[in-house]
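Beneath this line is the structure, given in structure tokens, with notes to follow.
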Amino acid sequence: MAARSLASAVLLLAVGAVAACTTDPVHQAEVDELGPEASNIPQGQYHRAGQPCVVCHGSEGPAKTQFSIAGTIFNGPGASSSLVGVSGVTVSLEDDSQSRFQVTTNCVGNFWVNPSDWNPQFPVLVAIAGGATTQTMQSHIGREPSCGQCHQLQGANNYFRSPGPIYLQRTDDPNFKGDPTCPVQPPTPVGLTPL
Amino acid sequence: MSTLVTRAALLALFCATTAGAIATVGACSSFDPNRLTEVAGPDYNQFKGVLPDGGLGTGVSAMIERRCGTLDCHGQVGRPLRLYGQFGLRFVDDAGNTPGGPTGGQPTTETEHQANYQSVLGLQPELMTEVVQGNAPPGALMLLRKPLQLERHAGGAVFVEGDVTYLCLTSWLAGQTDFTSCQGAAQ
């Protein structure tokens with residue numbers, strides 16, 4: 001009888017501990033705010049372009065893989081046309097210890113860095129290069145691993161705290177349709193709306 | 001005997017609690033809502049970058065905008081030492097207007113310089129006054145202790161003693177801003 005009570009107590013404690021670890025309401029709210037997956041884009045390297053990747057791909061999950069830095073590069077600012085992700089852009093990163101790392105965007109513009117490949121010591125400096133164009137970020141990244149956390153689509157509620165999405169070209173090109181071989185069509189972000 | 005002791009202890013506890021409650025109410029009722037704490041701060045013009053010849057250079061405000069005020073650090077509404085700037089958080093007035101435009105828009109405005117100055121002074125107003133009046137060393141300020149990592153700082157170590165950022169801040173606190181250091185630190 002006593003053994004059964006003890007077993008129940010231990011089980012209850014274990015369940016409670018697990019529940020406590022997975023119910024951070026602040027983090028859960030951040031995850032929920034991202035909305036559901038787009039119906040035509042499966043989970044994987046092409047999904048959720050422009051969103052703050054490390055909200056899910058961080059230590060608190062729910063994604064299984066973790067990133068030390070991740071984001072999306074668009075072709076133009078999206079001021080006069082749709083945002084279109086751009087492939088083959090080199091993202092050059094340098095951390096506080098002068099350690100450098102480069103990563104290239106996929107066909108929706110997504111890039112990510114696995115901690116096993118590079119785990120930067122913030123702050124981090126960033127530059128992007130594609131074709132003949134190079135852009136250097138005006139300020140450093142202080143600590144935020146998700147580019148999309150600050151680089152949001154500008155709207156009435158965030159224009160004073162977001163520089164807008166990351167883009168390679170300073171002006172939009174309405175003829176730019178992205179990578180035609182990309183398995184995700186169109187390679188424009190789904191569910192990314194101005195705040 | 002033991003019952004008597006318990007009763008006496010309970011009575012003593014009751015009296016102590018009552019006295020504590022009365023003292024607390026008394027302390028609250030003596031609160032003066034009109035009392036002001038005057039704060040002495042280092043020079044505002046040097047903070048925003050007014051050079052000795054009257055021209056405009058890179059002051060402390062521009063330096064901390066770049067070094068501390070990024071959108072993922074102190075360029076956030078919810079953070080202590082909230083900082084505004086051209087490439088970070090923009091000041092929104094009560095009417096909902098943003099005179100400096102969006103992030104990345106117009107250069108840092110006078111209102112934003114003033115807000116940054118108030119943030120810096122408001123961090124430890126009494127201690128800042130002591131420092132300015134020469135009664136406490138600048139190194140006592142959280143403004144230096146945090147970025148030097150002498151106190152826990154989520155953003156880690158931002159500068160070290162003797163570098164341009166340190167010289168910019170400490171020279172301003174001493175009343176003779178080293179604008180060359182501020183310019184170097186803001187790059």
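The values are calculated or read from the model by the stated rules, or taken from the named source; none is laboratory data. The structure presented is a predicted model; accordingly, all values stated were derived computationally and were not measured. Cβ sites come from the backbone with ideal geometry, for glycine too, and all protein chains shown count toward neighbours. Note: accessible area is taken over every heavy atom of the protein model, side chains too, but ligands, DNA and RNA are not part of it. Shrake-Rupley method; radii C 1.70, N 1.55, O 1.52, S 1.80 Å.
Taking into account only those residues within segment B:64-112 that are of a type in the set (D, E, K, R) and facing chain A (nearest Cβ under 7 Å), which is most open to solvent (accessible area, probe 1.4 Å)?
B:Arg66
Restricting attention to segment B:23-31, does a residue exist that is more than 14 Å from chain A (Cβ to nearest Cβ), open to solvent by less than 80 Å² (accessible area, probe 1.4 Å) and modelled with pLDDT of 90 or more?
Scanning segment B:23-31 turns up no residue that is more than 14 Å from chain A (Cβ to nearest Cβ), open to solvent by less than 80 Å² (accessible area, probe 1.4 Å) and modelled with pLDDT of 90 or more.
Out of the residues in segment A:163-181 that are surrounded by fewer than 19 Cβ atoms within 10 Å (Cβ to Cβ) and free of Cβ contacts under 8 Å to residues at least 60 places away in the same chain, state the one that is nearest to the other protein chains (Cβ to nearest Cβ).
Taking the candidates together, the pick is A:Asn175.
Condition check: under 24 Å from A:Pro145 (Cβ atoms) and not hydrophobic (A, V, I, L, M, F, W, C). Does B:Gly59 satisfy that?
no
Out of the residues in segment A:127-162 meeting the condition of being small (Gly, Ala, Ser) and away from chain B (no Cβ under 12 Å), tell me which one is most open to solvent (accessible area, probe 1.4 Å).
This residue is A:Ala132.
Determine the pairs where a residue that is within 21 Å of B:Arg82 (Cβ to Cβ), located within segment B:43-66, has a partner that is among the basic types (Lys, Arg) with Cβ atoms under 6 Å apart, the partner being 6 or more residues away or on another chain.
If the second residue must be among the basic types (Lys, Arg), the pairs left are B:Gly59/B:Lys48; B:Ser61/B:Lys48.
I'd like to check something: does segment B:180-187 contain any residue that is at pLDDT 95 or above, within 16 Å of the chain's Cα centre (by Cα) and in a helix (DSSP H, G or I)?
no
Name the single residue, out of those in segment A:29-44 being out of contact with any Asp or Glu (no Cβ under 9 Å at 6 or more places or on another chain) and open to solvent by 80 Å² or more (accessible area, probe 1.4 Å), that is modelled with the highest pLDDT.
Across segment A:29-44, the extreme among qualifying residues is A:Asp32.
Would you mind listing the strands (runs of 3 or more DSSP E) fully within segment A:58-113 where at least 1 residues are surrounded by 22 or more Cβ atoms within 10 Å (Cβ to Cβ) and of a type outside the set (Phe, Trp, Tyr)?
Output list reads A:69-72, A:90-94, A:110-113.
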